[in-house]
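What follows is a short report on a single structure.
Read-outs: derived from the displayed coordinates by stated rules, not from any lab. All values derive from a computational prediction rather than experimental measurement. In this analysis, Cβ positions are derived from the backbone assuming ideal geometry, glycine residues included, and neighbour counts consider all displayed protein chains.
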Amino acid sequence: MPDKVQLSKMLSLWLRHKPEAAGLTLDPQGWTDVDDVLRAIAGAGVACDWQNLLRVVEESDKQRFELSGDAARIRARQGHSVAVELDWPQVPPPEFLYHGTVERFLPAILIEGLRPMRRHHVHLSPDLETATRVGQRRGTPVILTVSASSLAETGQPFFLTSNQVWLTERVPPAFIQRQGQG
């Protein structure tokens with residue numbers, strides 16, 4: 001089996017940011033044909049069959065990808081920098097959501113709030129454990145608590161993906177508190 005991490009990174013690049021790098025075309029909702037993805041993987045010199053691709057989709061710890069109901073199409077669930085119109089439902093958020101980051105980003109976040117940067121939305125976690133895992137990718141995690149229900153009361157929409165990631169356009173600093181500080 002090909003390296004799952006390598007394959008996941010390849011899929012993330014193609015399905016979130018640069019489909020043209022693999023000769024792929026995403027539809028308006030971010031879907032592309034599985035057969036085209038398998039051809040692109042082979043073209044990149046990676047041995048991967050349908051079962052290996054399915055394993056990456058199903059066993060990804062963050063559930064980054066999903067297959068259509070008939071398993072003929074694949075897409076990234078969120079995190080796109082290319083233009084897509086994902087069909088996630090707008091849902092009232094819980095009172096608090098969480099965001100994992102690292103200390104070096106904290107000064108800018110406390111001044112500017114959470115911004116999507118190169119993505120379409122800010123990603124928020126439903127629990128401390130998930131936010132901690134996200135923050136650990138870049139070093140010692142700093143966990144931020146977002147007063148999501150208060151922000152939603154201002155009219156800011158929240159969307160919930162099928163892998164339980166909460167998305168919103170931005171989070172102003174007034175709605176952010178560093179975890180563990182009163």
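Couple of notes before you dig in:
- Euclidean distance between Cα centres, region 25-76 to region 113-147, Å: 26 Å
- Sparsely packed trypsin sites (Lys or Arg not before Pro) within region 90-182, loop by DSSP, other Cβ within 10 Å at most 16: ARG118, ARG119, ARG137, ARG138, ARG170
- Sorted by Cβ neighbour density within 10 Å, fewest at the top, the residues LEU67, LEU15: LEU67, LEU15
- The chain, relative contact order [Cα under 8 Å, separation at least 6], %: 21 percent
- Sorted ascending by nearby beta carbons within 10 Å, beginning with the fewest, PHE159, PHE65, PHE105 become PHE105, PHE159, PHE65.
- Footprinting exposure proxy ranking of ASP70, ASP49, fewest other C-beta atoms within 10 angstrom first, gives ASP70, ASP49.
- Largest-first ellipsoid semi-axes for the chain, taking √(5λ) over the Cα gyration tensor eigenvalues, angstrom: 32, 17, 14
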